[in-house]
Structure formats: structure tokens, C-alpha cells
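K.L.:
Would you mind keeping the following structure in view while I ask a few things?
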Amino acid sequence: MKFPGSKFLWSWRGLAVGAALVLILFLFRPGVHQLRNRIANSIGRALGRRVQLDNVRLRLLPRPGFDLEGLVIYDDPAFSEEPMIRAQEVSAAIRFRPLLRGRIEIATLSATEPSINLVRNNQGRWNLASLLERNAQIPAAPTSKRSSERRPAFPYLEATSARVNFKIEQTKKSYALMDADVALWQDSENSWSARIKAEPVRTDFNLTDTGLLQINATWQRASSLRLTPLQLAVQWRNGQLGQITTLLTGKDRGWRGGLDFAANLTGTPEALRIESRTAIEGFHRYDIVGSESVRLAAGCSGRYNAVTGALGNLVCESPVSGGTLRLRGDLALATQPLTCDLTFEAEQVPLASVLRLLRQAKRQIPRDVTAAGLLNAEFHATRNVSENTGNDSLLQWTGAGSATNVRLSSNAGNAASTRKNEVAFGTIPLTLVAAASETDSLGSRHGHPRAQKKEMEPEPAEAHLRIGPVSLAMNASAPVDVGGWMSTAEYRFVLRGDVDLKDLFRLEDILGLPVTRPAAEGSAKLDVSVSGPWQGFAAAVTAGTAQLRNVRAEMRGLNTPIEIGTATMSLTPDAVIMEKISARTGSTHWSGEVRAPRHCTAPGAAANVASSCVFQFDLSADEISAGDLAEWFTPHPAKRPWYRILNSNSNNPLGSSALLVLQAHGNLHVGRFALKKVFATQLGTRVDLDRGKITLTALRAQLLQGTHLGNWTIEASAPDAQPMHYQGSGVLQNISLEQVGALMNDAWISGTADGNFDLEGSGDSFHEILTHSDGSLQFVMRNGSLAHIEIPESPMPLPVHRFAGELRLTKGAWELSGGSLESHDGIYQVSGTASRLSGIDFVLTRGDEQSWTVTGTLAKPRVVPASRTEAKRTEAEPKTVKP
């Protein structure tokens with residue numbers, strides 16, 4: 001900047017005067033205290049504020065001046081007791097000619113890293129405005145004054161790396177401007193200029209990419225600030241949208257993109273013409289990454305009165321692919337709450353552009369979905385304050401519109417497919433519904449009172465946009481009713497009617513609804529809704545009911561399809577509930593209910609994912625056989641033994657059994673269960689399934705004309721690992737031994753028996769299980785007989801009043817100990833062993849010390865008298881028969 005008098009300084013005369021002045025300053029130095037006060041007074045007169053300095057150092061080169069330390073410029077007490085400006089290091093350049101006249105006049109005041117406080121008082125006035133208004137009344141000369149000018153000139157004030165703080169009354173806000181370059185000067189006799197370039201920050205957040213704010217201002221002298229003509233140019237460039245939302249609202253709203261803003265303000269504070277342009281490049285949600293680049297841009301103009309806070313003649317327009325979005329009207333920003341008269345218009349806006357925007361805002365919308373149609377609408381928002389009472393009314397919404405020729409289509413994620421899934425909505429009516437308290441007075445005037453509309457879904461009390469209802473045509477299905485609403489907080493859409501499941505799945509694919517479903521065909525009567533909040537990026541929630549009819553479904557890991565005659569399916573935010581089930585798998589009829597978690601990976605995806613997917617059930621079946629279980633769950637389609645239903649086949653391309661990946665628990669009731677030749681009826685148990693481990697708790701069943709009550713665990717193995725493991729314990733009561741003999745194809749025993757058993761073993765076949773099993777059976781036999789046992793002088797067959805003892809199973813061999821058999825001719829002590837390979841070897845010792853050995857098999861036993869020595873030896877060392 002070139003200052004007046006520069007020609008004089010570099011003339012011979014000027015140099016001589018300068019040399020003389022330097023000599024005088026060296027010989028006659030003024031007192032530091034006096035000089036400090038004179039400089040502080042000079043700055044104070046120029047600014048109209050009290051100024052304090054800690055220290056002053058004289059500087060001669062490159063230009064005469066002073067280095068000031070501890071500069072404090074105090075604020076007007078009406079605003080704050082805290083200083084307005086505080087700077088530790090300030091450089092002051094003085095004007096040469098006034099110095100020759102014995103007067104110190106500051107030409108340039110440069111501060112490094114100052115702290116500046118901008119304060120607004122309770123009347124809404126800023127201390128900076130008060131300062132500018134006061135200085136406009138001081139008859140100062142322009143900063144670049146003529147050399148002949150006698151008046152003190154307004155100094156050129158500048159600051160680098162400044163920090164600008166904001167205060168509301170006595171409260172310092174978290175907003176600030178950092179690394180600010182600030183300058184203020186007087187352009188001419190009646191005009192001033194200022195500029196600032198800074199980075200906006202918040203002191204309570206670590207923000208690094210808020211962009212660069214630049215303001216250039218020019219204003220003229222006037223009797224009051226509200227009449228001051230001014231020009232203001234504002235630019236906010238290269239800001240990151242997420243950082244800016246954090247700056248303005250205190251929270252990252254999750255939006256991303258590059259923000260550029262420019263505005264020009266001209267006129268006086270009571271009549272400012274405003275023109276602005278805003279653009280966001282690459283708009284998207286933080287977790288959406290794609291090749292689509294969406295640009296949002298809008299231009300606004302209006303007239304603002306800073307005195308009354310009124311924004312009038314507002315017009316904002318945003319072009320959208322041949323269409324236009326427009327906002328126009330008036331706002332009164334100073335009123336609480338604000339009053340307004342606004343109109344929002346959408347003219348020929350392509351729905352394809354709306355879908356592009358939604359795809360950047362909602363994560364689950366598929367990339368391959370396309371939309372056709374045009375949006376036209378006009379909505380009004382008004383709020384007035386009563387002149388008589390001063391009371392404000394509620395914000396009133398009116399308006400209507402429509403989306404015409406609406407069609408949605410997708411290729412269901414298959415880019416190579418030439419066939420597209422498509423649904424046609426036709427024309428969708430749009431109605432802006434007032435808040436609940438306004439409905440009675442506004443409903444008839446708007447033409448859409450709530451009492452007359454076709455109810456699709458309960459609507460919110462606040463103002464909202466009603467969408468539809470409309471009939472939706474989907475291929476083979478009859479048209480279904482679709483409608484809903486959107487408010488500023490949330491949205492809700494509903495679908496009602498009879499629909500083919502294949503058409504429903506196509507609609508879900510197009511809309512990108514977050515649902516997990518099996519391969520199925522059939523029909524359903526729907527009453528479902530899709531809803532969710534706008535804030536927080538929550539996924540849409542599908543809820544409601546579906547009446548299923550004649551549905552045939554296939555599930556991964558289940559070889560036999562499920563045929564559902566009828567069922568009621570309820571969708572809650574957390575679960576899918578199937579109730580009143582009437583279904584079949586093969587020849588088995590099922591009834592009951594099943595509850596599955598929502599948003600759960602399908603069985604078989606991964607063990608660590610499936611751990612959070614626990615199914616619940618309460619099911620009843622009329623009849624199940626072990627062969628049915630093998631047919632349903634064995635991975636290989638060929639028939640395999642029932643006891644291998646949990647084994648996986650590494651050579652099977654279909655993968656493992658579903659039981660190896662499922663987690664479920666619930667109650668199971670079976671009318672009749674067939675295991676080989678054994679039939680159990682009225683079976684009921686608590687079932688816990690944990691990825692191949694089946695726990696049957698309190699298993700109760702009618703078995704062999706008696707009852708069974710016990711707990712069983714069947715634990716499957718991973719591929720190529722150890723065989724399955726079994727463990728069971730429980731109680732048997734009133735078991736018919738005739739039935740046991742019939743199962744063995746020989747009537748070798750009769751009567752009834754009770755027992756307590758505990759069994760543990762492993763294997764993939766009956767032979768392996770018997771060979772690798774251990775356990776015990778404490779039994780009591782009553783009122784029966786042993787048909788093939790013949791004891792001399794005893795009835796034939798051998799009658800048994802009571803026979804008690806304990807059988808121990810070790811690796812396939814049974815050992816009887818502590819056996820006591822009560823018959824007509826006395827009490828027999830029985831001990832011995834039995835195995836599948838070696839047969840039986842028992843010793844019976846009667847109370848009269850007569851003994852017999854029983855060998856052979858149960859069907860053909862050999863009974864011979866035993867010597868006393870052998871009997872005692874046998875009692876002392878029971879013979880062990882190895883398998």
C-alpha cells in the first residue's frame with residue numbers, strides 16, 4: 001500500500017529532515033511512560049475506545065514506528081467488561097509529517113495472533129456495529145490522506161493469525177474463527193472497507209475441514225447504522241459437509257460432499273438485497289460409496305430488513321434435469337416463533353432424479369432400480385401472529401400435487417438379465433395434511449378432511465404429506481392398495497390386499513426392503529407397513545401381518561419342501577412370528593407356531609453369524625419316524641440311517657445338514673414316533689438345538705405300554721471328525737416285558753419293570769454305539785416269568801414275583817451285580833455277564849445254597865447245576881465276557 005508523502009521521504013530534502021530527526025531522537029529520547037501514553041491515546045482517539053499498553057520500543061528502520069507489547073483495546077461497557085482486542089505483539093508505523101509537528105499519528109497498526117471478541121448484547125446489537133457507527137461520526141481523514149490534510153487519518157488496522165471469538169451477552173460461545181487475516185481501513189472521506197479470511201471452528205470439537213470463509217465489506221458514512229449503505233460479499237469455499245453440519249449443529253449428521261457458498265448483500269441494513277448461490281458436489285451419506293455423483297445446487301434472492309428481521313420477496317430455485325424446485329415467500333425471523341408465508345413448488349421434476357437423491361440418502365435402495373414419472377406439486381406454509389392478542393397460531397400447511405405415470409423397475413441384481421421386474425403405480429395423489437388441531441377448521445377448506453379419506457394407516461398428529469392411496473398392479477396378482485405418509489420426523493407406507501408371493505418378492509427386490517425369505521410360491525393376504533425415522537440412518541422396518549395360503553417353501557438344508565396350507569405370519573420390529581400353522585413335510589402334519597429373529601442371516605451362512613439367530617418354536621406333529629428325519633435332514637438325497645442325520649458329507653455339494661448350523665429352542669409334541677420297531681406315543685419334550693448339539697429335556701413318552709421320562713443329548717461332529725456322541729438319563733415305569741420280548745422276536749420274558757438308567761456312548765451305527773457305550777440300569781421286575789429258564793423242582797416257566805438289580809454296561813458288555821430274584825421256591829441271588837458276541841453267563845444261587853449256571857443265549861439258555869466251589873468262585877470273581 002502506497003502512503004501519502006512517499007515522494008517527499010525519498011527527496012533530498014526529505015532525507016535531510018529524516019537524518020536530523022534520527023539525530024534528535026538519539027540525543028533527546030522521550031520518556032517511555034510518556035511515549036506509551038501518547039501512543040495509547042492516539043490509537044484510542046482513532047478507535048473511540050480506551051487503550052492500554054504494557055511496553056513500547058522505538059523502531060527506526062525500515063520505517064519509523066514502534067513495537068508495542070501487551071496491547072489491550074477495551075470494549076464498550078454496555079457490551080462487555082472483557083477487552084475487545086488483546087494482542088501481545090503489535091507493530092505501529094507512524095506518519096512522518098505529523099511527527100515533525102510534534103504529533104504522533106498511527107498510519108498502520110499490525111497485530112500478530114491477536115484475540116478478538118465480538119459481543120452481542122441483550123438488545124441484539126453487536127459491539128463491532130457500535131464501533132463502526134461511532135467511528136463514522138468522527139471526522140477522521142481517509143487512511144490514504146493527502147499530505148496537506150491536517151486531520152488525523154484513520155489508521156490501517158490489520159491482524160494476522162487472529163482468533164475471533166463470539167459472545168452472547170456474558171456467555172462465550174463455542175464458535176470461533178481461527179487463523180484469521182483481518183483488515184480495516186477508511187477508503188475515502190465517507191466510506192470504509194474491511195476484509196476477513198478465516199477458518200470457522202468450534203472449540204468443543206476437533207474440526208479440520210470446514211473450508212475457508214472470506215468476507216469483503218464496504219460501507220459509507222451515515223447518521224445511523226441502519227441507514228448505512230453497504231456492500232457485502234461472502235464466500236465459503238471447499239467445506240466438507242459433515243464437518244460443516246457439526247460446526248453449525250454440534251453433531252455430524254452423516255452427510256458428505258463439498259460445499260461452496262457465495263452471497264452478495266447490497267443496500268442498507270433496513271433494506272438489504274441478498275443474492276446467494278449454494279452448491280454441494282458429490283452429495284452422499286457417509287456409509288454409501290458408489291460411482292454416482294449427485295450435485296445439489298440452488299440460487300436464492302430476497303430483501304432483508306436487519307432492523308425488523310423480515311426476509312421478503314424470497315425466491316430460491318434449483319433446476320432438476322429439466323424440472324424445477326422453487327421456494328418463494330416471506331419470513332419474519334425476529335418473531336418468536338417466526339411467522340411465514342411460504343410456497344414450495346415442484347414443476348415437472350423427474351422421479352429418476354428423486355430416486356438418485358434417495359439412493360445417496362438411503363443405503364438399502366438397490367443400485368439397479370430405475371424410476372419413471374414426473375412430480376408436480378404446490379404446498380403452502382403460513383403462520384401469523386394475532387394483532388389483538390399477540391398470540392401466534394400454529395404453522396398451517398396446505399397444498400396438493402401428484403406423481404404421474406410412476407413406474408419402478410429393476411433386474412434384481414442381475415446386470416446381464418434382459419428381463420426386468422417392473423411395477424406400475426399410475427398416478428399417485430399427494431396431499432399436505434395440517435396438524436391435528438387444525439384439521440377441523442382446515443379439513444373442509446382443503447378438501448381432504450380426515451373423516452372422509454380412505455384409511456390406509458393411522459396418521460401422525462403433526463403436519464405430514466399423505467401419499468396415495470393408489471392401486472398397484474403386479475403381474476398375476478390382483479391390484480393391491482398402497483398408501484402412506486411422510487412427516488419431518490418419520491415415514492410410513494402400507495400395503496394391503498391379496499398378492500402372489502412371487503410378485504411380492506419382485507416388489508421387495510425393487511424397493512430394496514431388508515427381508516430374509518426362503519424360496520417359496522403361493523399366495524398371501526397382506527396388511528403390512530414399511531416405516532422408519534429420517535434421522536440416524538435407521539433402516540426401514542417392515543411390520544404387519546400376512547395370511548398365508550397354499551404356500552410351498554424350500555429351506556436350505558431341508559431336503560423336503562414345507563407345504564403350508566394356512567398360517568398367520570406377523571412381522572414385528574424384532575421377530576417374524578408364524579402362528580396357527582397347518583403344514584406338511586412329507587407325510588407329517590404340523591401345527592403350532594415358530595418365532596424367528598429379524599435381520600438374521602439364513603441358516604448355513606456362517607457359524608459365527610448364526611450365533612445371534614436363535615429360533616423359538618412350539619410345534620406339534622401327528623406322526624414322525626426315524627426314516628422321516630433322515631429323509632428331511634440328511635444332506636445327501638440318497639437314504640441314509642436315521643442316526644446319521646447330523647453327519648455332514650464332505651462330498652455332498654449341497655452342504656451340511658441344517659441341524660449343524662441352526663440355533664433354536666422350544667417345545668415339541670409328537671403323537672406317534674417310530675424308531676425301528678419301537679413306537680412311542682404322546683411324546684413331549686423341551687428341545688434345545690445349538691449348531692449340531694440337540695438337548696431333549698424332560699422327554700416324556702408312552703413307551704412299551706409304560707412311560708419314559710428323561711433327558712437326552714445328541715452331539716453331532718464336524719466333517720471328518722469324531723462320531724456322534726449320545727448321553728441320556730431318566731426313569732422307565734411300567735414297561736411291558738412282553739413288548740420287549742416281541743421286539744426281540746422271542747417271548748422269553750413277561751411282566752412289568754421299572755428302571756433308572758444312565759447311558760453314554762458314541763458311534764455312527766448301532767454296532768458302534770453298543771461297542772463304545774457305558775452306562776447303568778437299576779431295574780425292578782414284577783409279576784412275570786422267564787419262559788426259557790427251567791430250575792429243577794420249580795414251576796416251568798420260572799415265575800418271578802420280584803427281580804431287582806443293577807446292570808452295568810462297559811464297552812458293549814453287560815454285568816449284573818446285586819441281583820435278587822424272588823420266586824415261588826425261594827429267593828435267588830443272581831450275578832453274571834452278557835454280551836452280543838459271547839452270550840450270557842449267569843449264576844443263580846438259591847437260599848438253600850443250591851446254584852445253577854445259565855449260559856447260551858436268552859432264547860436258548862442252558863441251565864446246569866453248579867458246584868459249590870464254582871458258585872463261590874463265580875460270586876467272588878464274576879466272569880467278564882469281552883465283546
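K.L.:
Roughly speaking, what % of Cα-Cα pairs in the range 144-283 are separated by over 20 Å, rounded to a whole number? Numbers along the way, then the final one.
P.N.:
Details: 5762 of 9730 pairs.
Above the 20 Å cut-off, the range 144-283 has 59 percent of its Cα pairs.
K.L.:
Can you give the net charge of the other residues whose Cβ lies under 12 Å from the Cβ of residue 256, counting K and R as +1 and D and E as -1?
P.N.:
Numbers: positive: 253, 285; negative: 209, 252, 281, 287.
Result for the neighbourhood of residue 256: -2.
K.L.:
State, to one decimal in nm, how far the label point of residue 486 lies from the label point of residue 54, with both points 7 Å from Cα in the Cβ direction.
P.N.:
Between residue 486 and residue 54, the simple spin-label model gives 5.9 nm.
K.L.:
In square nanometres, what is one fourth of the surface area of the convex hull spanned by the alpha carbons of the range 301-362?
P.N.:
Here the figure is 5.5 nm², rounded to one decimal.
K.L.:
Hey, what do the phi angles of the range 849-861 turn into as Karplus ³J(HN,Hα) couplings, whole Hz, using 6.51/-1.76/1.60 and θ = phi - 60°, x for Gly and Pro?
P.N.:
3J(HN,Hα) across the range 849-861, in whole Hz: 6, 8, 10, 9, 9, 10, 10, x, 10, 5, 6, 9, x.
K.L.:
DSSP loop GluC sites (Glu not before Pro) in the range 724-830 with at most 12 other Cβ atoms within 10 Å of their Cβ, which ones?
P.N.:
793
K.L.:
Could I ask something else about it? Provide Rg over Rh for the range 737-781; use the alpha carbon set for both Rg and the Kirkwood Rh (inverse mean inverse pair distance).
P.N.:
Here Rg/Rh amounts to 1.07.
K.L.:
Rounded to whole Hz and in sequence order, give me ³J(HN,Hα) for the range 777-789 from the Karplus expression 6.51 cos²θ - 1.76 cosθ + 1.60, θ = phi - 60°, writing x for Gly and Pro.
P.N.:
Coupling constants for the range 777-789: 9, 9, 10, 9, 9, 9, 6, x, 7, 10, 4, 9, 9 Hz.
K.L.:
Mind giving me the nanometre distance, one decimal, between the label points for residue 793 and residue 358, set 7 Å out from Cα along Cα→Cβ?
P.N.:
10.0
K.L.:
Could you work out how much longer the chain between residue 88 and residue 187 gets when fully extended? Use 0.36 nm per residue separation minus the Cα distance between them, nm to one decimal.
P.N.:
Value of the extension gain: 32.9 nm.
K.L.:
Tell me which residues come under 5 Å, amide H to amide H, from residue 118 once H is placed; ignore anything under 5 positions away on its chain.
P.N.:
Hits under the 5 Å cutoff: 165, 166, 167.
K.L.:
Once you put a point 7 Å from the Cα of residue 336 and another 7 Å from the Cα of residue 170, both along the Cβ direction, what distance in nm separates them?
P.N.:
So the label points at residue 336 and residue 170 sit 1.9 nm apart.
K.L.:
Find the centroid of the Cα atoms in the range 238-293 and in the range 659-699, then give the distance between the two in whole Å.
P.N.:
Computed from Cα coordinates, the inter-centre distance equals 62 Å.
K.L.:
Next up: Under 20 Å between alpha carbons, and skipping anything fewer than 8 positions from residue 197 in its own chain: which aspartates and glutamates qualify?
P.N.:
By straight Cα distance, residue 197 reaches 113, 158, 179, 181, 187, 209, 260.
Here, each number is a calculation from the coordinates, and none is a lab measurement. Since the model is a prediction, treat every value here as computed from it, not as a measurement. Every residue, glycine as well, gets a Cβ built from its backbone with ideal geometry; the counts of neighbours run over all protein chains shown.
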